[in-house]
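Here's the structure, in structure tokens; my notes come after.
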């Protein structure tokens, strides 16, 4: 991910505090790796604006974020 996007890694405090800290920084997405990740190769993606959270496969993550930040996709939703 770091080769395609501006990313920051944070493991300080509880997940809720991390989300609030990243919301304050303006981070549009938070990716949470947890104990289930090792078992099923999925992570949780949290969208700052809607606070929606969903489990996605790691291999789909780059495409999901790329689609969300692509100007063409954004303009088509308007």
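Relative to the 2.2 N^0.38 Å rule of thumb, the chain has a C-alpha radius of gyration ratio of 1.13. Per residue, the chain reaches -12500 deg cm²/dmol at 222 nm when only DSSP H runs of four or more residues are counted, each adding -39500 (n - 2.57). In this simple spin-label approximation, residue 17 and residue 50 carry label points 7 Å from Cα along the Cα→Cβ vector, and these lie 3.0 nm apart. Entry note, region 15-76: relative contact order of 21 percent, from Cα contacts under 8 Å with a spacing of 6+ residues.
A short reminder: the numbers here are calculations on the coordinates, not readings from a lab. Just so it is clear, the structure is predicted and the values come from calculations on it, not from any experiment. Because the Cβ atoms are built from the backbone with ideal geometry, glycine has one as well, and the counts that use them run over all protein chains shown.
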